[in-house]
Amino acid sequence: MHRPIIVQQIQSALHELIPDGKVILFGSEARGDARPDSDIDLLILIEGETVPVEQEKEIIGVLSDLTVQTGIIISSIILPRHKWENRDIKSPFYFTVMNEGIEL
């Protein structure tokens, strides 16, 4: 299966599951230099004060199912949106995601 199709599947599945969430693709897939063995890196931002455990389990379950179906590892970081956007200290990781990330 072609990687752009997998990214579209991720986008569709997550927008159905978390319609008010924000999904950012970053890393080699976003830069356009992914190899066949590269993972797909996602930052998933959820509305609310915290990420409910059940919601996190649902998201991880969907991504795990897609990993099994496609053979491509999908790595995700799930955070409350306000904690990402209102950080006092911006790490190198933050700048990497903000500079190379693609919102799905």
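Output the number of residues of the stretch 35-62 satisfying the condition of being out of contact with any Gly (no Cβ under 9 Å at 6 or more places or on another chain), among the hydrophobic types (A, V, I, L, M, F, W, C) and part of a helix (DSSP H, G or I).
Within the stretch 35-62, residues that are out of contact with any Gly (no Cβ under 9 Å at 6 or more places or on another chain), among the hydrophobic types (A, V, I, L, M, F, W, C) and part of a helix (DSSP H, G or I) number 3.
Before we move on, is Val68 buried (at least 16 other Cβ atoms within 10 Å of the Cβ), of a type in the set (Val, Ile, Thr) and either touching a Lys or Arg at 6+ places or on another chain (Cβ under 8 Å) or not in a strand (DSSP E or B) (or both)?
No, not satisfied.
So in the stretch 76-97, with the set limited to residues that are surrounded by 13 or more Cβ atoms within 10 Å (Cβ to Cβ) and free of Cβ contacts under 8 Å to residues at least 40 places away in the same chain, which one is nearest to Pro36 (Cα to Cα)?
Per the stated criteria, the residue is Ser76.
Pick from the stretch 1-48 the residues that are within 25 Å of Phe95 (Cβ to Cβ) and acidic (Asp, Glu): which of them is surrounded by the fewest Cβ atoms within 10 Å (Cβ to Cβ)?
Ranking the qualifying residues of the stretch 1-48, first place goes to Asp33.
Values quoted throughout were computed directly from the atomic coordinates according to the rules given, and no laboratory measurement underlies them. Keep in mind the model is a prediction, meaning the values are calculated, not measured. We place every Cβ from the backbone using ideal geometry, glycine too, and count neighbours over all the protein chains shown.
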